[in-house]
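Here the structure comes first, spelled out in structure tokens, and everything after it is commentary.
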Amino acid sequence: MAGEGVKLLGYWGSPFALRVRSALKLKGIEYEYQEEDLGNKSPLLLQSNPVYKKIPVLLHNGKSISESLVILEYIDEVWKHNPLLPEDPYERARSRFWAKFVDEKCVPALVGTISKVGEELEKGAREAREHLKTLESGLDGKRCFGGTKIGFADVAIGWIAYLARIEQEALKIQLIDQQNMPVLAAWIDYVLEDPVMKELMPPHDKVFKHMIDMREKLIAVVSN
Amino acid sequence: MAASDVKLLGARPSPFVNRVQVALNLKSIDYEFIPQNLAEKSELLLKSNPVHKKVPVLIHGDQPISESLVIVHYVDEVWSGPPSLLPADPYDRATARFWAAYIDEKWSPLVRNLINATDEQSKAAAAEKVFEGLKLLEDAFVNSSKGKGFFGGEKLGFLDVVLGCYLGWVRAGEIITGLKILDETKTAALVGWAERFTSNKAVDGVIPEPEELVSFMKMQARAAAAADASSK
């Protein structure tokens, strides 16, 4: 698939950048990837996303698009083969609804918990479990949000598959409850086994170490 | 389109509900508005939006759709004839969606902070942030409208509906704070746009008058204070 001047500014550990990389890969779109040092952002990043100065940013034909879910919709509309969003408007609405739910509820709960200790950690884990249980209802018993194959919502939500398991390990809490959330647990396995998603997930040890480091830094900040 | 086929669970003061009303009006879709008592949520609301238990919920046939921006996309896709709410070009669509997310996630909380500010110092600081945001939106408007009257160009579009439905609350905020939020010396283009939006036929009768919203806010504050007092 011709690149047509496609470039992605990203960061290896960002679930939001992972969304965009998954979408580009699922569509077989060639692109240039630029890894950003978030402590020393490139002039290109600052110029392309002046409002937030964040990754991911997609550059296409000299224009820049920011905000991962906005980028996903853009990719789906420009490169129409292997569609991410379903055709039916009601199913499209459901995909968008769950992607938004994850950003509003699951992201803060999962990320917020990383810096917590003691009772706050228990509370954080409980809240995250509640949101994950709600997320499970979105699967409606199916193997993935796209129905029979990975789609928009799976791409938007897929990073939870690796992050939740690593967070359980690193913080020694329970997030994915096999008994209580069998459908979500099965979805996690399905996503982690998908060849495209599997190839893009950052390595376990790297993420684990990154999370431990981040946790230590955040705890130190809070206690000072 | 049979009126009973499309239902909207809503509450008049909600800008999110207003968005859906304007979108349906723009598309000339008949619908039944079912007002909701948010203090005592109906079975229908709880069943139709079990995740958030909030308005708006659009019920089309027997399928419920929640989240105002998701609903507006749905309306644009199901009733795909003119007028289109989202622009035709994918980059323009991305730009509209980007600003819609900015408005909901970043700018409107700033307005809320301003309205709720208790002392002059925090009010001034909050106002400064609101104006900074409005400057960005002014630029976005100039770029988007390409010399025409609306974010959507000649006609009202998605981003007009997203921002426009906050205008009631912006006006209410001006009454409460005594500050001019939409100021022609600061954001002249947006002031002109606000005028055109509010007087558009599709918006007629949808957004409550600012005085009504001020009363509503005071009522809510009293109810919250009473709930606080009774739970102590």
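The values are calculated or read from the model by the stated rules, or taken from the named source; none is laboratory data. From a predicted model like this one, the values you see are computed outputs, not experimental measurements. As a convention, Cβ positions derive from the backbone with ideal geometry for all residues, glycine included, and neighbour counts pool all protein chains shown. Ligands, DNA and RNA are excluded from the accessible area calculation, which covers all protein heavy atoms including side chains. Shrake-Rupley method; radii C 1.70, N 1.55, O 1.52, S 1.80 Å.
Could you give the DSSP H helices of chain A that reach 27 angstrom or more along their long axis (alpha carbon positions) and whose average Kyte-Doolittle hydropathy is no lower than -1.0? Counting only whole DSSP H runs, the qualifying helices are A:204-223. Quick check on region A:60-141: what does the Kirkwood estimate of hydrodynamic radius come out to from the alpha carbon pairs, in Å? For region A:60-141, the Kirkwood estimate is 15.0 Å.
For region B:57-144, the Cβ-based charge dipole about the Cα centre amounts to some 120 debye (Lys, Arg positive; Asp, Glu negative; other atoms uncharged). For region B:33-176, the fraction of C-alpha pairs more than 25 angstrom apart is 42%. May I ask which residue of A:Leu132, A:Ile75, A:Cys144 lies farthest towards the positive end of the charge dipole of region A:75-149, with charges of +1 (Lys, Arg) and -1 (Asp, Glu) on Cβ and the Cα centre as origin? Of the options given, the answer is A:Cys144.
Under 5 Å between amide hydrogens, built in the peptide plane, is the criterion, and for B:Ser84 it picks out nothing among residues at least 5 positions away or on other chains. Stokes-Einstein diffusion for region A:26-86, with the hydrodynamic radius set to the Kirkwood value over Cα pairs and evaluated at 10 °C in a medium of 1.306 mPa s, equals 125 µm²/s. Here's the picture: charge each Lys and Arg Cβ at +1 and each Asp and Glu Cβ at -1 in the protein assembly as shown, and of B:Ile115, B:Gly192, A:Phe97 the one pushed furthest to the positive end of that dipole is B:Ile115. Cα-based values for chain A, radius of gyration first and Dmax second, are 17.6, 53 Å.
Counted over the protein assembly as shown, the DSSP beta bridges are approximately 70% antiparallel.
Listed by chain and number, the lysines whose C-alpha is less than 17 Å from the C-alpha of A:Lys53, apart from same-chain residues fewer than 8 away, are A:Lys7, A:Lys41, A:Lys63, B:Lys106. For the segment A:69-81, counting C-beta atoms of other chains within 10 Å of every residue's C-beta and taking the mean gives 3.
Taking a straight line from the alpha carbon of B:Lys155, these aspartates and glutamates sit under 18 Å away, with near neighbours fewer than eight places off in the same chain left out: B:Asp76, B:Glu77, B:Asp89, B:Asp92, B:Glu138, B:Glu195, B:Asp204. Within 10 Å of the Cβ of each residue in A:82-92, the mean number of Cβ atoms contributed by other protein chains is 3. Region B:19-87 and region A:1-48 have their alpha-carbon centroids 35 Å apart. Distant-in-sequence amide contacts of A:Tyr33, defined by a placed amide H-H separation under 5 Å and a gap of 5 or more residues or a different chain, comprise A:Leu8.
Report for chain A the percent antiparallel among DSSP-assigned beta bridges with both residues inside it, nearest 5. Here the share of antiparallel DSSP bridges comes out near 70 percent. A convex hull fitted to the Cα coordinates of the protein assembly as shown yields 175 cubic angstrom per residue. The accessible area of B:Trp99, taken with all protein chains in place and a 1.4 Å probe, comes to roughly 30 Å². Assuming charge only on the beta carbon of Lys and Arg (+1) and of Asp and Glu (-1), the dipole of chain B about its Cα centre is about 280 debye to the nearest 20. The loop-placed trypsin sites (Lys or Arg not before Pro) in region A:1-102, going by DSSP, that have at most 12 neighbouring Cβ atoms within 10 Å of their Cβ come out as A:Lys80.
In plain terms, the bigger the Kirkwood radius, the slower the diffusion; for region B:67-150, with that radius from Cα pairs, at 10 °C and 1.306 mPa s, Stokes-Einstein puts D at 108 µm²/s. For region A:97-157 versus region A:185-203, the inter-centroid distance based on Cα atoms is 16 Å.
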